[in-house]
Each structure stands twice: as structure tokens, then as C-alpha cells.
Amino acid sequence: MGTQLAVVRLSSRLVRRGAVLVALGAAVYVVVEAFSYEAAYPDAASRARLAEFGDEPAVRMLSGIPYAVDTVGGFVVWDGGPFLQVLAGIWALIATVRLLRAEEDAERAELVLAGPVTATRAVALQLGVVLAGCLLIGTGVTAALAASGAQAAGSVAVGLAVAGFGAAFAAVAAVTSQLFEVRRRAVGAAAIALGLAFLLRMVSNSSDERAWVAWATPFGWMDRLRAFGENRWWVLGLHVGLMAVLATAALVLRSRRDIGTALLASSDAPRPRLRLLGSPVAFAWRSSLGILAAWAAGLVLYTFVLGTLLVTMTDFLTEDPSYRAALELMGVDLTEVTQGLIGVMGVLYGLVFALYAAWRVGAARTEEATGRLEHLLTRPVPRWRWFGGHAVLTLVSAALLATVTGLALWAGAAVVGSDLTLADAVASTANTLPVVVLFAGLAFLVLGAAPRLTVGLTIGLAALAYVVQIVGPMLEWPSYVVGLSPFHHLAPVPAEPYALVAGLVMAGLGVAAALLGMAAFERRDLAGA
Amino acid sequence: MDLPAISTHGLTKHFGPVVALQDLDLEVAQGEIFGYLGPNGAGKSTTIRLLLNLIRPTAGSAEIMGIPARDVARAHRHVTYVPGDVALWPQLTGTEILTLLGNVSGGVDAAYRDELVERFQLDPTKRARSYSKGNRQKVALVAAFMTRPDVLLLDEPTAGLDPLMEEEFQRIARDATARGQTIFLSSHILDEVEDLCDRVGILREGHLVEVAALEELRRMHTTVFEAIVDGELPDLSGLRSVTVTEPIPGGVRVSVTGSPAELLTRLASVPVIQLRSHEPSLEEIFLTYY
């Protein structure tokens, strides 16, 4: 009993900080959503218009089916539900793989299993810890909803659904942790499952005939819950059921393997591949290729689907003058409908590419934290060359991502016969690169000055800047506040010409930050984890 | 005279309030195997990491083959390093890692590399993930020796090796110094240092408390006498040359610094059955510093 308590204590110590931060982030997000709802739709008439507007097919495809959007809770679920679920799901799958696979990779799990506790029992306890974290995140959502004046029962239902979503993907990650022997493969496989679940939701929302597909994805269950109206509690049983099935599968799989092995292990002695081992920069490129390809694949899939929806959306927009008026009020220039839409959506790519850049710099930091960097820096490799190599590769990778994303958008649009040109499609994604340079530069500055904060600080600031740009104008925040967000300075290319000065300033700041980071890195001690 | 392989001048490193290394002045000649001794936390790794510019000195400076340690592009052409805890890229095989490190270093003697792999009985076809601590250390040792560098900085390099491999390491190290290469060996395995090193430095809490050739250390220090006597023991108190006295069955073990004349005078008054003396082991010397 004491041993099991110790396992729980150790596990919760490893993941609790992340859980608390995500719970707080989710709560803040809910409050911001609620505020923006009250500001944008202050009276019954505007709320009725919102319900009407949200029920149109194109909006449904992208944002889901609105339910009870005349209440603040219903609006938050409709507008922010997917984000909250993604947040809980990603935390849960990363935390689960951290406990179930990374500890084993690092040969620390055996210290625990040397105690009087079986491997399957340990897995069950660790999953329990992640489940508690999911419930904490759900509690954050519930508390923030209730504090924002949403109905209590609905708030509890939504909080439980967010927790259940996280728990389901914790169980998915528990299975992938048994299948793959490396942390990032286990995370990658679970993340692919999350992406597929999201795509299923888009498919289900794309037409009424396909609505049944919603039952096949945890994203759809949130909509079927009908919170702040019917409150169909039994839907939560789906979350519990999925989690129970997958968790049981993970336990069975764990009982069938030895520690340090995986059921889909790659060969221990593969044929040596000697390409891209010629220099530190070549090797950095080689090491990052797999993850770059994964990001590219995810973005290509998403934007291709988005591209195929373009014609439906533009047809809808051109046929509905009131909706056009509403969008024009939001600042969308609709003289060229397609370009206008593409331009507005472009900002999101900026955030995604910036997150990629933060991850990419984080990978460089991992080389330092693990001590592997010392193999290179104790050879005739000046620090600036290693650092600069990673900086160049980060920019090249981000530019590649922007290009393939634009290409996929164009290809999807071309399949359904849209008038979107290739140049416009790529321009809309490449437009965001100055922001990416800025955040990548920031990440390199942090790597040089406060290495342990590299990923967390950069991702936090990028997400904050994005939220400021999205909700700031709606809440009528003063322009100097909204202007702090780099995303605010992107023009909606191709509807408007590229904001050259702003782009140069942001890219220049990014390069300056990276150079400062390089100088700081030259002067400091290498730092372990 | 030849340029020293390693020289430091007032080399100092503080981590916040903690003094990791204070005013280290040290010269290691080319072709020497220098043993760097001290318990955990004495500053051995700190010294090596300063020499490699992995951490920056609070004060002082260091040179490798006359090149400032901070000029890594030049200094690191002469030096390789084996860390105490070797971290490798888990997804790469031994061959891939040796190829990468060889390309980054330049000047690999491929035939010698293969010989080293053979002598350390390393299987380089395996992924690093499946390597034990000892095997990871072997990869780092092969990588360090394969370019035949002028200076090797080895931080407890044999901690994970079995006794047979440790012996192989000693042979390879002697071959290297026979060719004029210099080895700076940090260790707390005193037998290894005793077998291998020409000179040793002893470090205590960041301060270098002694640098001397092993022979010299032995001379400077105590000789141990064991006397078995028939009957009562003589009174050995009040002898300034005697540092340690401990009873053994039938007699006494005495450590003497300097001349044993006083001790012999006292012992002459009792019937001594047996008198043995030996030079102190490095361990016995080492312990006198703590």
C-alpha cells in the first residue's frame, strides 16, 4: 500500500505543474470567451442573429453546430469547446507518455518497479494520476463557466466532458506507450489519433447526412451533450466507456511485454544510414526531419480539407447579403470573397508555424539538456556555428511548412474548382512568416539567456499574442494593447497588399533577438536539464 | 622546452556562493599521464569542463597546447573528451555516432578506429538505446582515441567498464602516451591511477592540495612499519615521527614520517620477532589529505 502511494506521489509530482497551468489557462480562456460574448452580443436580438448565422452550413463545418448560443455557456461551448478539448487532450497524452514511456526510456521506471508493485498496477495508478489531472482541468472549466454566469448544471456537464475528453486521450496514449519504444513516437501516434478525431468532426458537421459520424469522435460527443439545454448526461458515459476499454487494453498489453521493450519495436541493429552525418548542421537537419514531416502532413491534411470547403463557403457568402454585412463589420474585405476569407484565416497559420518554431528551438535545447551537445562542442565546433545552424534550419523549416500549407490549400480548392490561385494561396500562408521569425528569434533569445524556459515561455507568449489579436478588437481593448500582438500587424494577404514595413520590423526584431541569444549563449555555461 | 599540453593560471569557478574551483595553477607536460584525484564534488569535472570551455571561468585562464581554451575552433583540434556519464543519441547506431563524431572532429584514423572497436569488444551495429552504461562509455572512448589527439581529457572513463576492459583501456592509454599523446585522467579509482599515472594532483573542496610524481609522494609521506613482538609492547608515545599507531595481532602497525630512527631505538628495547615495512599505497597517501 505504501509503495502504491509512493507511485502516485511520484507520478503526480512529475505532471502536476503542467496540469495546474493547463487548468488555469483553460479557466482564463473560458472567462475571456465569456467576456467577448457579453461584449459582442449584449442583447437578445443580437444573440438570436448569432444563432441564425451559426446555423449556416459553412459556419457549421468550421465551428460546429451551435446549441444554446443565446446563453453564455452555450456560446463558450460552441466557440471554444474544440479548443478546450484539444488543450485537455494534448496535456493528457503528453503527461501519459511522460509517465508510461519516457520514464522507461530514461531507465528510471525500473527504480519504481523494483519496489513491491506490479507493472500493470503501476500503469493503472499512473493513469489514475493523469485522470485526476483531467478532472482538475475540467474543474477549472466548470468553475470559470459558473463564475461567468453560466447555468450550473451545464457548467458541470461541460467540465466533465472536457475532463472525459482528456481521459480518453490519456487512455489512447497509454496504448501507444505500450506499442512504441520512443517517447516521441508514442506522442506522435496519439496526436495523430487526436487529429483524426478532429477531421471526423469536420466531416460530420459538413452535411446533415453525415451527422451520425459525430458519434464516432469524442469531439462530436461534446456537441451531442447539448449542455445548457437538455444536458444529456448519459453522453458522458461514452467518454467513460472509451477510456475504460482503452485503459484495459493498455494494461493487457503492458502485462505482455518486458520493461524497456515495445510491442512494435524497431530493430535494435538496423542498417546504418550515414547520410547527413557530415557536420553539426547536417545532423541537426537529419534529426528534425521526422517531426517536420509530421507537422507538414498534419497541416497539409487540414488545409487541403479546408480548401475543398472554400467553394461552399464563398457561395454561401455571396448569396447572403446580411452575412456579408456582418463579416464586413468584422473588418473582412469581401470584394474578392475567396481572398478575403483566406486572408482572415491566415493569422492562425502564423500561430501554428510559431509553435513549430518554438518546438524546433526546444529540440536544440534538449540536445544541450541531455548533455549530447557536449559531443559536438568539445570538438572544433564554435558555439555560434551550432546555434546559428539551428536558427537557419528553423527558418528554412518554417518557410517549407508555409509553402506546403499554401500548396495544400490551393490543391484542395482546385479539386472543387475554386478560383483561388496558387500564388494567392501561398502568399496567404507565407504572409505570416515575419511573426514566425519574431517568435523564433524570441525562442533563441530565451535559449541563450534562460535556457530552461525555452519552449514554455515562447509558446506562452505566442498563444497570448494570438488571443490578444482575436479577442482584443472584440472587447474594444485600446489599440496600444492590441498593437502589442505581432499578429495584429499582419495584413490579410491576399485581400490586402503585404504589410512590408511591419513585416521588415518584425523580422528585424526577430533576427536581433536571435543574435542577442547567440551572444548570451556564447558567454554562459552549458546547462543540464 | 616543449609547450605544456595543459596549463592553467589562477583558474577559478564559483557557482553562486559555491566555490567549485579556486586558483588552480597547473601544468601538464606533453606525453604525460596525469592523475587528477579527489572525492565526488571536489572539482574534478569542473576543471575538465573549464578546460573544454563548456563552462566559463569566474577568473583565471587555461590553455591547451598553448592555445587559449576559449578559442575552441583551434584548441579543440588538439583535444578530445570522455565525460563521466555518456549520453548518446538513442536512435543512432554506434557506427552512425562514430561517423558523426569522426566527421565533426576530422582526421580519423579509420583503421585505428576499427581496431579500437575490436579491442573494446563494442558492437557498433546496435542502436545506442540498447547500450549499457559501459557500452556508451566504450563509444565515447573509441571516439576520443580514434583521432589520435594531442590531449585526452578523461573524466572517470572506466567507471562502467568491467575489469578486462579496464585493462584494455590501460594498454590503449599507455600506447597513446608512448606516441607522445597526453592524458589527463580524473578518477577516484586509486588503483587505476597508481597503475597508470606518472604524476598526480590531489583536489580537495576546489583547492589543489598537492601535485607530485607518485614516487615523490611516497617519499614525502609515511612509511608503514609492522612489528610483531614477544611480550609487552614498547611505549611509542611522544615520538614526533610517528603519525598513526594501531594494534595488530601480536604487535603494532606504525606510520612514520621522515626518519624511522626514533622508532627503531624504542623497538630495540623489546624482543622483536618480526619487523616489516612497506611504502604507503596511494590510498593511504590520499587519505592523509582528508
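Which residues, taken from the range B:86-119, are aliphatic (A, V, I, L, M) and more than 23 Å from A:R286 (Cβ to Cβ)? Scanning the range B:86-119 gives B:A111, B:L116. Among the residues making up the range A:488-504, a single one is among the small types (G, A, S) and under 24 Å from the mean Cα position of the chain (by Cα): A:A491.
Just one of the listed residues (B:S187, B:S277) is assigned by TED's automatic domain parsing to the domain that holds B:L50 and hydroxyl-bearing (S, T, Y), namely B:S187. Between A:A95, A:A122, the distinction of being within 21 Å of the chain's Cα centre (by Cα), assigned to a helix (DSSP H, G or I) and touching a residue at least 12 places away in the same chain (Cβ under 8 Å) belongs to A:A95 only. For the range B:125-148, the set of residues classified as touching a residue at least 60 places away in the same chain (Cβ under 8 Å) and more than 10 Å from chain A (Cβ to nearest Cβ) consists of B:F145 only. Return yes or no: is B:L54 at the interface with chain A (Cβ under 7 Å from one of its Cβ atoms) and among the hydrophobic types (A, V, I, L, M, F, W, C)? Taking the combined requirement at face value, the residue satisfies it.
With the structure loaded, tell me whether B:L100 is more than 13 Å from chain A (Cβ to nearest Cβ), part of a helix (DSSP H, G or I), among the aliphatic types (A, V, I, L, M) and in contact with a Phe, Trp or Tyr (Cβ under 7 Å, 6 or more places away or on another chain) or whether it fails that test. Against the criterion (more than 13 Å from chain A (Cβ to nearest Cβ), part of a helix (DSSP H, G or I), among the aliphatic types (A, V, I, L, M) and in contact with a Phe, Trp or Tyr (Cβ under 7 Å, 6 or more places away or on another chain)), B:L100 does not qualify. Looking only at residues of the range A:246-257 that are without any contact (Cβ under 8 Å) to a residue 60 or more places away in the chain and assigned to a helix (DSSP H, G or I), we find that the one that is nearest to the other protein chains (Cβ to nearest Cβ) is A:V252.
Residues of the range A:159-168 include none that is surrounded by fewer than 24 Cβ atoms within 10 Å (Cβ to Cβ), farther than 30 Å from A:P42 by Cα and small (G, A, S). Apart from one condition, A:A186 fits all of (1) within 14 Å of chain B (Cβ to nearest Cβ); (2) surrounded by fewer than 24 Cβ atoms within 10 Å (Cβ to Cβ); the exception is (2). Only one of the numbered conditions (1) assigned to a helix (DSSP H, G or I); (2) touching a helix residue (DSSP H, G or I) at 6+ places or on another chain (Cβ under 8 Å); (3) over 30 Å from A:S63 (Cβ atoms) is not met by A:L242, and that is (3). Filter the range A:258-297 down to residues that are more than 19 Å from A:F387 (Cβ to Cβ), out of contact with any helix residue (DSSP H, G or I) (no Cβ under 6 Å at 6 or more places or on another chain), facing chain B (nearest Cβ under 8 Å) and modelled with pLDDT of 90 or more, then give me how many there are. Number satisfying all stated conditions: 1.
Number of residues in the range A:144-188 that are assigned to a helix (DSSP H, G or I), closer than 22 Å to A:R108 by Cβ and aliphatic (A, V, I, L, M) equals 7.
Results for (1) within 13 Å of A:Y356 (Cβ to Cβ); (2) of a type in the set (F, W, Y); (3) outside the structural domain of A:W359 (by TED's automatic domain parsing), shown as yes or no for each residue.
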{"position": "A:P382", "(1), (2), (3)": "no, no, no"}
{"position": "A:W386", "(1), (2), (3)": "no, yes, no"}
{"position": "A:A391", "(1), (2), (3)": "no, no, no"}
{"position": "A:A402", "(1), (2), (3)": "yes, no, no"}
{"position": "A:L407", "(1), (2), (3)": "no, no, no"}
{"position": "A:A411", "(1), (2), (3)": "no, no, no"}
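Every residue in the range B:118-135 that is within 22 Å of the chain's Cα centre (by Cα) and either surrounded by 20 or more Cβ atoms within 10 Å (Cβ to Cβ) or not assigned by TED's automatic domain parsing to the domain that holds B:P90 (or both), please. Those that are within 22 Å of the chain's Cα centre (by Cα) and either surrounded by 20 or more Cβ atoms within 10 Å (Cβ to Cβ) or not assigned by TED's automatic domain parsing to the domain that holds B:P90 (or both): B:F120, B:N135. Residue under question is B:S259, and the condition is that it be at pLDDT below 85 and either out of contact with any helix residue (DSSP H, G or I) (no Cβ under 9 Å at 6 or more places or on another chain) or part of a loop (DSSP other than H, G, I, E, B) (or both); does it hold? Yes, satisfied. In the set B:A59, B:A29, B:A42, only one residue is more than 23 Å from B:N135 (Cβ to Cβ), more than 13 Å from every other protein chain (Cβ to nearest Cβ), out of contact with any Ser or Thr (no Cβ under 8 Å at 6 or more places or on another chain) and among the hydrophobic types (A, V, I, L, M, F, W, C); that residue is B:A42. A:R226 fulfils the conditions (1) among the charged types (D, E, K, R); (2) within 14 Å of chain B (Cβ to nearest Cβ); (3) surrounded by 14 or more Cβ atoms within 10 Å (Cβ to Cβ) except for a single criterion, (2).
In the range A:486-502, the count of residues that are in contact with a Phe, Trp or Tyr (Cβ under 9 Å, 6 or more places away or on another chain), assigned by TED's automatic domain parsing to the domain that holds A:Q339 and not hydrophobic (A, V, I, L, M, F, W, C) is one or more.
In the range B:103-124, the qualifying residues are those that are within 7 Å of chain A (Cβ to nearest Cβ) and free of Cβ contacts under 8 Å to residues at least 12 places away in the same chain, and the one that is nearest to A:T378 (Cα to Cα) is B:V104.
Given the criteria away from chain B (no Cβ under 14 Å) and farther than 25 Å from A:M61 by Cβ, does A:L196 qualify? So A:L196 fails the test. Checking each residue in the range A:27-44 for being touching a residue at least 12 places away in the same chain (Cβ under 8 Å) and not in a helix (DSSP H, G or I) picks out only A:Y41. Within the range B:68-90, is there a residue that is surrounded by fewer than 21 Cβ atoms within 10 Å (Cβ to Cβ), more than 10 Å from every other protein chain (Cβ to nearest Cβ), at pLDDT 95 or above and in contact with a helix residue (DSSP H, G or I) (Cβ under 6 Å, 6 or more places away or on another chain)? Scanning the range B:68-90 turns up no residue that is surrounded by fewer than 21 Cβ atoms within 10 Å (Cβ to Cβ), more than 10 Å from every other protein chain (Cβ to nearest Cβ), at pLDDT 95 or above and in contact with a helix residue (DSSP H, G or I) (Cβ under 6 Å, 6 or more places away or on another chain). Filtered by the rule that a residue be within 24 Å of A:L84 (Cβ to Cβ) and surrounded by fewer than 19 Cβ atoms within 10 Å (Cβ to Cβ), the range A:94-134 gives A:G128, A:A132.
Applying the condition of being facing chain B (nearest Cβ under 7 Å) and assigned to a helix (DSSP H, G or I) to the range A:354-394 and asking which residue is nearest to A:V467 (Cα to Cα) yields A:T370. Regarding B:E166, is this residue on the phi > 0 side of the Ramachandran plot and modelled with pLDDT under 95? Answer is no for this residue.
The values are calculated or read from the model by the stated rules, or taken from the named source; none is laboratory data. All of these numbers come straight from a predicted model, not from anything done at the bench. We place every Cβ from the backbone using ideal geometry, glycine too, and count neighbours over all the protein chains shown.
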